[in-house]
Amino acid sequence: MTKPRVCIFSTCLVDLLFPNVGQAMVEVLERLGCETFLPTKQVCCGQPTYNSGYAAGSMKTFKNEIDALASVDADYIVGPSGSCVFMIKEYEAILKDDPVYGPKAKQVAAKIYEFSQFIYRVLGIVDCGAELDAKATVHRSCHMTRLIGERTAPFVLLDHVKGLNRIPLKNVQLCCGFGGTFSAKHPELSDSMVDEKVQNIIDTEAEVLIGTEQSCLMNIAGRMNRLGHPIRVMHIAEVLMQGEK
């Protein structure tokens with residue numbers, strides 16, 4: 001049986017600051033029978049500048065990312081961030097009038113999935129063979145939930161991790177306050193939002209906070225540390241990597 005060929009969309013945040021998440025994602029996918037490829041020319045999806053109103057200035061970034069992801073003859077493109085994955089999907093509408101990049105953007109958008117979504121929806125796997133003996137709670141990504149529409153995949157996969165005791169998080173639907181440049185432009189409001197999120201996490205008495213969006217986890221972990229409430233933070237790829245190799 002032919003292995004699914006997967007192009008890894010690493011995202012700039014994971015690539016530059018949290019390479020352990022990218023490594024975990026690759027290890028899990030290969031354990032599940034995929035053949036993975038990492039295009040070296042990818043840099044950033046352009047979401048920070050585009051969402052800040054610099055549409056024209058983001059075009060070069062968009063086109064570079066399209067060329068990088070399209071450079072691999074892959075069946076699928078998989079990334080560790082629903083927010084960034086949705087940005088890639090938006091390329092199709094943004095570049096629809098471009099005779100060269102319009103068709104390329106459409107092809108890339110049709111192949112891309114968030115990591116947990118890909119495992120659950122495409123591979124049809126619910127049990128990745130992971131083991132983690134811990135009491136954990138889960139932060140649900142706003143972008144993945146509202147823009148990609150995926151509310152199920154991460155929870156199903158985590159509920160099949162042996163030894164993991166998942167505690168429901170109060171107001172799980174609320175944003176953590178990061179929102180990319182939102183946290184820089186509206187710091188007071190962002191602080192208020194993340195403080196509420198942190199308190200809800202602390203109230204669960206969980207040992208581990210799990211998420212699907214590294215930017216959210218970075219924001220929450222940073223705030224918890226500043227407030228003196230350290231907790232182990234793990235991306236879902238790191239959780240699914242646990243257990244027998």
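Things worth noting here:
- Members of segment 74-118 found to be under 21 Å from the mean Cα position of the chain (by Cα) and of a type in the set (Gly, Ala, Ser), listed by number: ALA74, GLY79, SER81, GLY82, SER83, ALA105, ALA109, ALA110, SER116
- Output for segment 98-135, where each listed residue is out of contact with any Lys or Arg (no Cβ under 6 Å at 6 or more places or on another chain), under 21 Å from ILE167 (Cβ atoms) and touching a residue at least 60 places away in the same chain (Cβ under 8 Å): SER116, CYS128, ALA130, LEU132, ALA134, LYS135
- Meets criteria (open to solvent by less than 20 Å² (accessible area, probe 1.4 Å), assigned to a helix (DSSP H, G or I) and within 25 Å of LEU16 (Cα to Cα)) for VAL198: no
- Output for segment 222-240, where each listed residue is under 23 Å from GLU131 (Cα atoms) and either free of Cβ contacts under 8 Å to residues at least 60 places away in the same chain or not in a helix (DSSP H, G or I) (or both): PRO230, ILE231, ARG232, VAL233, MET234, HIS235
- Only listed residue being open to solvent by less than 60 Å² (accessible area, probe 1.4 Å), over 24 Å from VAL122 (Cβ atoms) and out of contact with any Gly (no Cβ under 6 Å at 6 or more places or on another chain), chosen from CYS44, CYS34: CYS44
- Filter pass, LEU227 being open to solvent by 60 Å² or more (accessible area, probe 1.4 Å), of a type in the set (A, V, I, L, M, F, W, C) and either over 16 Å from GLY82 (Cβ atoms) or at pLDDT 90 or above (or both): yes
- Selection count, segment 96-150, where residues are out of contact with any Leu (no Cβ under 9 Å at 6 or more places or on another chain), in a loop (DSSP other than H, G, I, E, B), surrounded by 21 or more Cβ atoms within 10 Å (Cβ to Cβ) and not acidic (Asp, Glu): 1
The values are calculated or read from the model by the stated rules, or taken from the named source; none is laboratory data. Treat the numbers as computed from the prediction; the structure is a model and nothing was measured. Don't worry about glycine lacking a Cβ; one is built from the backbone with ideal geometry, like all the others, and counts go over all protein chains shown. Keep in mind that these areas ignore ligands, DNA and RNA; they rest on the heavy atoms of the full protein, side chains included. Shrake-Rupley method; radii C 1.70, N 1.55, O 1.52, S 1.80 Å.
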